[in-house]
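K.L.:
Got a structure for you, questions after.
The values are calculated or read from the model by the stated rules, or taken from the named source; none is laboratory data. Remember, predicted model here, so these are calculated numbers, not experimental data. Here the Cβ positions follow ideal geometry from the backbone for every residue, glycine too, while neighbour counts run over all protein chains shown. Accessible surface areas use protein heavy atoms only, side chains included; no ligands, DNA or RNA. Shrake-Rupley method; radii C 1.70, N 1.55, O 1.52, S 1.80 Å.
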Amino acid sequence: MKKLLLLLCLPIFTFAQQTYVPDDNFEQELIDLGIDPDTILNDYVPTVNINVIDTLDLSFLGISDLTGIEDFTSLVGIECNNNNLTSLDLSNNTNLTYVYCSYNNLTSLDISSSPNLGYLICSDNQLTSLVLTNNSSIFQFRCENNNLSTLDLSTVSVTFDLDCSFNQLTS
């Protein structure tokens, strides 16, 4: 009986899954938007609060690292223009329909798991390659002012607005 009473007196702990968000500017915006409820910069956000977010505007915030974006699994649109990003991995964000990531320092952009992507604006970065093999119906694609030397658009069936000027393209 004493063992049963002792077990009943122990507090019940539940550990909610947390998403690691090391960039203070990114986490501060999540706090400001009410997504991170603890209001302190501790590099973690409750995953349950972010995996339901469908759009996110992170432009002009001085963000250098979007680690944690992979847990925004319901995300259909992201704007992260005018930051300090050097890489952007959106391979876990499979519902994306638009990505605006211009005016960063991107050398790497992974959108390989976004088959419904209709709008991709990645102008004014440092991209040297871009794979669009799983993005077959992009309506607007702008990648001007990068360092692209090759670009294969053979799998893209519909493009209404295309600008790839000021790159290193030879064919």
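K.L.:
Answer rounded, prolate or oblate for the range 62-115, using the Cα gyration tensor with square roots of eigenvalues a ≥ b ≥ c: rounded when a/c is under 1.5, else prolate when a/b is larger than b/c, else oblate.
P.N.:
Values: a/c = 1.72, a/b = 1.65, b/c = 1.04.
Verdict is prolate for the range 62-115.
K.L.:
Taking all protein chains as present, what is the carbon and sulfur share of the accessible area of the chain, in % to the nearest whole number, probe 1.4 Å?
P.N.:
54 percent
K.L.:
I would also like to ask the following. Where does each of 125-136, 95-106 land if you order them by average Cβ count within 10 Å, highest first?
P.N.:
Answer by packing, highest mean first, reads 95-106, 125-136.
K.L.:
Per residue of the range 99-113, in order, report the coupling 6.51 cos²θ - 1.76 cosθ + 1.60 (Karplus, θ = phi - 60°) as ³J(HN,Hα) in whole Hz, putting x for Gly and Pro.
P.N.:
These are the phi-based 3J(HN,Hα) values: 9, 10, 9, 6, 6, 10, 10, 4, 10, 9, 9, 10, 10, 5, 10 Hz.
K.L.:
Taking θ as phi - 60°, what are the ³J(HN,Hα) couplings along the range 78-94 by the Karplus curve (6.51, -1.76, 1.60), each to the nearest whole Hz, with x for Gly and Pro?
P.N.:
Ordered by residue, 3J(HN,Hα) equals 9, 10, 9, 5, 6, 10, 10, 6, 10, 9, 9, 9, 10, 5, 8, 9, 7 Hz.
K.L.:
In the chain, what percentage of the DSSP-assigned beta bridges are antiparallel, given to the nearest 5?
P.N.:
Of the beta bridges lying entirely in the chain, close to 15 percent run antiparallel.
K.L.:
Shape of the range 39-146 from its Cα gyration tensor (a ≥ b ≥ c, root eigenvalues): rounded if a/c is under 1.5, otherwise prolate when a/b > b/c, or oblate? Can you show the working numbers first?
P.N.:
Values: a/c = 2.01, a/b = 1.28, b/c = 1.57.
Judged from the Cα gyration tensor, the range 39-146 comes out oblate (a/c at least 1.5, b/c at or above a/b).
K.L.:
Here's another thing I want to ask about it. Hey, what's the chain come to in accessible area per residue, 1.4 Å probe, Å²?
P.N.:
Accessible area per residue: 54 Å².
K.L.:
OK, next. I need to check one value: relative contact order of the chain, counting alpha carbon pairs closer than 8 Å and at least 6 residues apart, in percent.
P.N.:
13 percent
K.L.:
Could you run the Karplus curve 6.51 cos²θ - 1.76 cosθ + 1.60 with θ = phi - 60° over the range 19-25 and give me ³J(HN,Hα) per residue in whole Hz, x for Gly and Pro?
P.N.:
Once θ is set to phi - 60°, the couplings for the range 19-25 become 10, 6, 10, x, 7, 4, 5 Hz.
K.L.:
Taking K and R as +1 and D and E as -1, what net charge do the other residues with C-beta under 13 Å from the C-beta of residue 57 add up to?
P.N.:
So the environment of residue 57 carries a net charge of -4.
K.L.:
Explain nothing, just the number: dipole magnitude of the chain about its Cα centre with +1 on each Lys and Arg Cβ and -1 on each Asp and Glu Cβ, in debye rounded to the nearest 20.
P.N.:
640 debye
K.L.:
Then there is this: Name the residues whose placed amide hydrogens come within less than 5 Å of the amide hydrogen of residue 19, ignoring near sequence neighbours (fewer than 5 apart) on the same chain.
P.N.:
45, 47
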